[in-house]
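The values are calculated or read from the model by the stated rules, or taken from the named source; none is laboratory data. Here the structure is a predicted model, which means the values were calculated and not measured. Because the Cβ atoms are built from the backbone with ideal geometry, glycine has one as well, and the counts that use them run over all protein chains shown. Side chains included, ligands, DNA and RNA excluded: accessible areas come from the protein's heavy atoms. Shrake-Rupley method; radii C 1.70, N 1.55, O 1.52, S 1.80 Å.
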Amino acid sequence: MIKKGDFKKYKIATIGSHSALQILKGAKDEGFQTICVCEKGKTKPYTSYKVADEIIEIDSFQHFFKIEKELMARNAIVIPHGSFVSYLGWERVQQLKCLHYGTKAILEWESNRTKERQWLTSAGLNQPDIFQHPEDIDRAVIVKFHGAKGGLGYFIANNPNEFYERMKDYPHEKDYTIQEYIVGVPVYTHYFYSRLTEELEIMSFDKRYESNADSIGRIAAKDQLDVGIKTSYTITGNIPLVVRESLLPDLFGMGERVVKASQAVCKGGLFGPFCLEMIIDKDLKFYVFEISARIVAGTNLYINGSPYTDLRYGEPMSTGRRVARDIKQAIEAGQMEKVLG
Ligand code: AMP
């Protein structure tokens with residue numbers, strides 16, 4: 001157990017991408033000094049928006065380990081985000097020696113589609129069906145390539161023939177999932193769970209702005225066919241959302257069950273920010289198709305707080321700031337082990 005401490009002895013660090021502006025601003029609002037690790041030539045947002053007290057430049061985020069000692073010398077607590085995990089890979093994150101917010105082991109459960117499904121199933125979440133063999137396709141499916149950055153190249157097929165036809169464009173792809181396509185609206189629920197308070201919070205919601213899925217409706221169906229447009233889901237931004245209030249009890253329950261189930265799959269379980277990515281259909285049925293076990297970029301909409309955090313906090317509370325507050329409270333309570341992993 002680490003002794004009760006002065007949080008000012010610690011700094012908050014992250015890499016300059018994804019949700020770093022929000023994380024560092026939130027840390028400053030809570031009174032921390034901040035460090036931003038940037039790729040050379042990409043420091044501008046972090047100096048312009050004045051969120052970093054210090055900037056450490058590296059050639060590539062892949063070389064993060066080269067500056068790890070520097071971060072340790074500064075007593076920095078590193079906050080992982082989507083780009084951090086994707087640049088380092090979940091395996092290399094396990095090898096970090098610096099102070100790290102969040103359970104590292106849960107990242108494997110998030111990154112491996114089989115394990116992810118097992119986890120979400122054990123939490124009792126409804127998910128789209130998976131087709132193991134293309135021959136079994138008997139309804140609309142979405143085919144997802146695992147290496148695909150931001151949904152590029154995903155396609156829809158309605159039967160085995162369409163599947164094989166479309167796969168001709170990807171002769172070397174072996175690593176994909178065939179998932180039932182759910183007609184409904186995508187909703188990204190941003191959660192936060194603190195091991196200090198043992199309480200699950202809903203911070204906010206967003207929906208994604210995806211090209212060209214969100215642009216196809218701007219032209220007539222005939223033109224879509226004439227031009228031969230193929231739907232793709234490259235994320236370009238995020239749009240704010242509030243949900244029908246009567247959906248909230250179920251959404252809280254889903255988040256709580258995911259946290260509880262995570263404690264059975266890995267030591268320490270899931271804590272901090274996470275996101276359930278789901279489609280809600282016309283019967284208000286939820287289909288969770290993915291979990292992100294760390295802060296998602298959709299929370300960037302709410303640097304000044306969301307309608308939901310306003311209800312709870314009455315002061316601007318971003319997810320990034322909530323992370324910093326969790327860390328600060330843990331240090332002050334002498335329970336730092338509850339925020340490190
Ligand atoms: P993903 O890369 O899994 O986050 O998916 C990218 C996008 O594809 C999502 O934001 C949704 O718009 C869409 N999507 C993913 N899975 C499904 C599904 N099973 N049914 C309908 N749309 C989906």
Cβ-Cβ under 7 Å pairs, at least 6 apart or on other chains, the range 173-194 side without any contact (Cβ under 8 Å) to a residue 40 or more places away in the chain, far side aliphatic (A, V, I, L, M): 176/143
Tally of residues being within 16 Å of the ligand (Cβ to nearest atom) and open to solvent by less than 60 Å² (accessible area, probe 1.4 Å) across the range 135-169: 17
Enumeration of residues in the range 97-125 that are surrounded by fewer than 17 Cβ atoms within 10 Å (Cβ to Cβ) and in contact with a Phe, Trp or Tyr (Cβ under 6 Å, 6 or more places away or on another chain): 115
Can you give me the number of residues within the range 280-296 that are more than 12 Å from the ligand (Cβ to nearest atom) and over 14 Å from residue 251 (Cα atoms)? 5
Qualifying strands (runs of 3 or more DSSP E) (wholly inside the range 153-196; at least 3 residues being in contact with a Cys (Cβ under 7 Å, 6 or more places away or on another chain) and modelled with pLDDT of 95 or more): 185-194
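Among the residues of the range 318-335, are any without any contact (Cβ under 8 Å) to a residue 24 or more places away in the chain and not in a helix (DSSP H, G or I)?
no
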Just one of the numbered conditions (1) more than 30 Å from residue 315 (Cβ to Cβ); (2) part of a loop (DSSP other than H, G, I, E, B) is not true of residue 69; which one? (2)
